[in-house]
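Heads up: the structure comes next, in structure tokens.
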Amino acid sequence: FRHSGAVELIIKGIKKKDTERHERLSLESDCSLNIKNVTEEDYGSYICQQYVNGQKQGPDARVFLHVLHVSVSPSSSSSSS
């Protein structure tokens with residue numbers, strides 16, 4: 001289990017360029033965060049906070065991203081007649 005502090009990925013709609021994943025992130029017009037090519041390093045808690053004219057609007061939107069690693073193993077059964 002990995003512990004880390006908060007990392008700001010997008011501030012006021014602008015991606016922070018100093019994060020290693022900034023090229024894989026995009027923010028949609030409905031404030032949806034899209035992450036391309038998700039890796040195990042992306043797992044964790046994501047929080048969205050909305051501000052209008054410097055004033056926080058509504059509660060935080062929180063999501064926890066779980067990343068599963070799925071691999072295909074070769075078939076162990078062989079057909080014989």
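The values are calculated or read from the model by the stated rules, or taken from the named source; none is laboratory data. These numbers were taken from a predicted model, which means no experiment stands behind them. Glycine gets a Cβ as well: all are built from the backbone with ideal geometry, and neighbour counts include every protein chain shown. For the accessible areas, the whole protein counts, side chains as well, though only heavy atoms, and no ligand, DNA or RNA atoms are used. Shrake-Rupley method; radii C 1.70, N 1.55, O 1.52, S 1.80 Å.
Taking R0 as 25 Å, what FRET efficiency do you get between H69 and L33 from their Cβ-Cβ distance, rounded to the nearest 0.05? That pair, H69 with L33, gives E of 0.70. The heavy atoms of D18 offer some 120 square angstrom of accessible surface to a 1.4 angstrom probe.
Surface calculation, 1.4 Å probe, protein heavy atoms: V63 sits at approximately 90 Å² accessible. In this view, the solvent-accessible surface of R24, computed with a 1.4 Å probe and all protein chains in place, comes to about 50 Å². Computed over protein heavy atoms with a 1.4 Å probe, the accessible surface of the chain works out to 91 Å² per residue.
Ranking L9, L25, H69 by Cα position along the charge dipole of the chain, where only Lys, Arg, Asp and Glu carry charges on their C-beta atoms, puts L9 farthest toward the positive end. Based on DSSP loop calls and a cut-off of at most 15 other Cβ atoms within 10 Å, the longest stretch of the chain free of exposed chymotrypsin sites (Phe, Trp or Tyr not before Pro) is what? It runs 2-42.
Roughly to the nearest percent, how much of the accessible area of segment 17-63 is carbon and sulfur, given a 1.4 Å probe? Don't jump to the answer; show the numbers that get you there.
Details: 1730 of 3810 Å².
With neighbouring chains kept in place, the figure for segment 17-63 is 45 percent.
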